[in-house]
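Working notes, structure below.
None of the figures in this text is laboratory data; all of them are computed from the coordinates on show. Everything quoted here is computed from the prediction, not taken from an experiment. As a convention, Cβ positions derive from the backbone with ideal geometry for all residues, glycine included, and neighbour counts pool all protein chains shown.
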Amino acid sequence: MRVLMGDFGAIVRLGLRDVLDSEGDRVATLETPNAKIVAGLTQRPPDVVVLDLDSPDGPCLAFRIASEFPAVKVLACSAVEPTMRVYPPFHNGESYTVDLNPEVLLSAVLE
């Protein structure tokens, strides 16, 4: 499973990496600045993109990726309100929101 992480603050990024790395070889985490994510998706799309829902471009970028790259699952996480917006693959940019905790995040990545 290839997971691409967008821009997050250093502390949040470390926490997310810790959760994802707990799966060992099952999850390979890559980090890319938000400005370069779309270009990277055209070369070798990951299975999942994890974005910061609280960043200024987070919500628009999540919708854009989900719409333009329908096979990629997009997870947009908020630290302000511990929630996660999930854009399932092949749902034309539609999303749903769930409470965010490490177990839910890992489950969403792996399912």
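Packing, as the average of other Cβ atoms within 10 Å across residues, places the peptides 51-60, 7-16 in the order 51-60, 7-16, highest first. Of the listed values [x] 16.7, 69; [y] 12.4, 33; [z] 20.0, 59, grab the one calculated as Rg and Dmax of the Cα atoms in Å from the structure here. So the structure-derived entry is [y].
Summarising the strand pairing of the chain, around 45 percent of its internal DSSP beta bridges are antiparallel. Each residue, GLN43 and GLU81, gets one label point 7 Å from its Cα in the Cβ direction; the gap between the two is 3.6 nm. Of the chymotrypsin sites (Phe, Trp or Tyr not before Pro) found in segment 17-111, those that fall in a DSSP loop while having at most 15 other beta-carbon atoms within 10 Å are PHE90. Among ALA71, ALA62, ALA39, whose mean-square fluctuation peaks in a Gaussian network model of the chain (Cα, cutoff 10 Å)? Maximum fluctuation in the GNM of the chain, among the listed residues, is at ALA39.
Here the average projected area of the convex hull drawn through the C-alpha atoms of segment 70-111 stands at 2.7 nm².
Report summary: the helix-based calculation at 222 nm, which adds -39500 (n - 2.57) for every DSSP H run with n ≥ 4 and divides by the residues of the chain, gives -11500 deg cm²/dmol.
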